[in-house]
1. Would you please classify the overall shape of the chain from the alpha carbon gyration tensor, given that a ≥ b ≥ c denote the square roots of the eigenvalues, rounded means a/c under 1.5, and beyond that prolate means a/b larger than b/c while oblate covers the rest?
2. Would you grab the residues whose amide H sits under 5 Å from the one on Ser41? Only those 5+ places off in sequence or on another chain, please, with H modelled 1.01 Å from N.
3. Would you work out which of Val31, Pro11, Pro42 lies farthest towards the positive end of the dipole of the chain? Charges go on Cβ: Lys and Arg +1, Asp and Glu -1.
4. Lys and Arg at +1, Asp and Glu at -1: add these up for the other residues within a Cβ distance under 14 Å of Leu124 and post the number.
5. Taking the Cβ-Cβ separation of Ala58 and Ala91 as r and a Förster radius of 22 Å, what is the calculated FRET efficiency to the nearest 0.05?
6. Cross-chain or 8 or more residues apart, Cα under 18 Å: how many lysine pairs in the chain fit that? Count them up, please.
7. Round to the nearest 0.05 the FRET efficiency obtained for Asp49 and Glu125 when R0 = 25 Å and r is the Cβ-Cβ distance.
8. Could you check the spin-label model distance between Met3 and Met110? Points 7 Å from the Cα along Cα→Cβ, value in nm.
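Just so you know, all these numbers are worked out from the coordinates, no wet-lab data involved. Everything quoted here is computed from the prediction, not taken from an experiment. Heads up, the Cβs are rebuilt from the backbone with ideal geometry, glycines too, and the neighbour counts pull from every protein chain shown.
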Amino acid sequence: DLMNVISLRRPRNLTLYDSPMGYVIKMLVAVFGSRDFALTSPVCEHIDDHDVMEKELALDMAHGLVGKTAIHPNQIAKIERALMVTSADHADALRILNSSQAVFKSQGAMCEPATHRRWAARVLEQAQIYGIAQEETQDGVRFFTANQLN
């Protein structure tokens, strides 16, 4: 438990990334991620603060973490939803892996297969496991549903 090692407890209203552990996670990702070692995120112990949990999950995904430990059953659905691949990322990953161009534009961003190939492969692997989030609108409200690839 890294927080125990540095004698800290997660602040109640902040994500892990807002604490000194945020720097540690960045370093772990840089060192181990570059060697294809998959990392998961630690628990969010504040089980009733859904806003902090959702912010932290978004940051977990942005850091390339491949999972998160749940400490309470009501966290599982949120974690699984966060691990779903967006349809935009899935489309970009397919384009990157299937492109013969050195560089191309997709959805307003530059895509370079030589640079983004590992990311794209990871996205497709994650989509196989967790599915693709499909955005649906109903009466102006956005809903996301899983679309499994199996």
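1. oblate
2. Val66, Gly67, Lys68, Thr69
3. My answer, from the dipole projection, is Val31.
4. Neighbourhood net charge equals +1.
5. 0.65
6. The number of close lysine pairs in the chain is 5.
7. Given R0 = 25 Å and the Cβ-Cβ separation, E is 0.25.
8. 3.9
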